[in-house]
Amino acid sequence: MRYRSGIGYDVHAFAEGRPLVIGGVTIPHIRGLSGHSDADVLSHAIADAVLGAIGERDIGYWFPPSDDSIEGISSLVILQKAAELVAAQGGVIENVDSSLIAEEPKMMPHVPMMKEKIAAALGITADAVGIKATTNEAMGFVGRKEGIAATAVASIRLPE
């Protein structure tokens, strides 16, 4: 077996009148995130990390914002597609680790459910999903509460 790693990053601006979905969990908040899908910044970063680990193109290729038929799609479906592409290469997702960067809302109360939903979408166990949360110390667009960012890394095992 050979091991590969991928890195993902995503960012979405806050938007009025949308639910806030992070890690497949709808979090009570006064604003959601802007995007063509459900704008789940965490799931997008993880999906791109998984896709990068197997040398595939990013989620914008697989789920283009120009495709009206997928407007509002759950980002858990995007994670499932990434997992399917890994399986098609005979691979196994070993683990993912991620960081949410947001001034608000508080994320940690929702992390256990996020881990469950992400794990289910990827076909791995929840203990193979790491999620941390931090602020941007009131600096930049995140610090000004204009949006949320996420980073992720994925480890994949592939056959020789």
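Where a number appears in this text, it was derived from the coordinates with a stated rule and is not lab data. Please read all numbers here as calculations on a predicted model, not as lab measurements. Virtual Cβ from ideal backbone geometry, glycine too; neighbours counted across all protein chains shown.
Defining a contact as two alpha carbons under 8 Å apart and six or more residues distant in sequence, what relative contact order in percent does the chain show? Intermediate values should be presented prior to the final figure.
Working: 386 pairs, mean separation 54.7, N = 160.
Contact order relative to length: 34 percent.
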Next on the checklist: Suppose the chain between Asp97 and Ala126 were pulled fully straight at 0.36 nm per residue; how much longer would it get relative to their current alpha carbon spacing?
Outcome noted: 9.3 nm
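Any idea what the dipole of the chain comes to, in debye rounded to 20, about its Cα centre with Lys/Arg Cβ at +1 and Asp/Glu Cβ at -1?
On the way: 13 positive and 20 negative charges, 61 e Å.
Roughly 300 debye for the chain.
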Checklist outcome for this item: For the chain, the longest principal axis of the Cα atoms and the Cα long axis of helix 75-88 enclose an angle in degrees, to the nearest 10, of 10 degrees
Checklist entry - Cα to Cα, under 18 Å, and not fewer than 8 places away if on the same chain: which lysines meet these conditions relative to Lys81? => result Lys115, Lys117
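To make sure I understand, if each residue's beta carbon is the centre and we count other beta carbons within 10 Å, what order do His110, His44 fall in, fewest to most? Let's see the in-between values first.
Details: His110 21, His44 28.
Fewest-to-most ranking of His110, His44: His110, His44.
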Checklist outcome for this item: The whole-number value in µm²/s of the Stokes-Einstein translational diffusion coefficient for segment 1-128, with Rh from the Kirkwood sum over alpha carbon pairs at 20 °C and 1.002 mPa s, is 144 µm²/s
Item to check | Ranked Ile7, Ile54, criterion: other C-beta atoms within 10 Å, fewest first | outcome: Ile7, Ile54
Next on the checklist: Run the reach check for Lys145 against aspartates and glutamates, Cα to Cα strictly under 15 Å, same-chain hits fewer than 8 apart removed. What comes back?
Outcome noted: Glu16, Glu103, Glu104, Glu137
Checklist outcome for this item: Going residue by residue through segment 8-19, the Karplus relation 6.51 cos²θ - 1.76 cosθ + 1.60 with θ = phi - 60° gives ³J(HN,Hα) values, rounded to whole Hz and with x marking Gly or Pro, of x, 9, 8, 8, 9, 7, 5, 9, 6, x, 10, x
Checklist outcome for this item: Whole-Hz Karplus couplings 3J(HN,Hα) for segment 108-113, θ = phi - 60° and coefficients 6.51, -1.76, 1.60, Gly and Pro as x, run 4, x, 9, 4, x, 5
Checklist entry - What are the ³J(HN,Hα) values, in whole Hz, obtained from phi via the Karplus relation 6.51 cos²θ - 1.76 cosθ + 1.60 with θ = phi - 60°, for each residue of segment 120-128 in sequence order, with x given for Gly and Pro? => result 4, 5, 8, x, 10, 8, 4, 6, 9
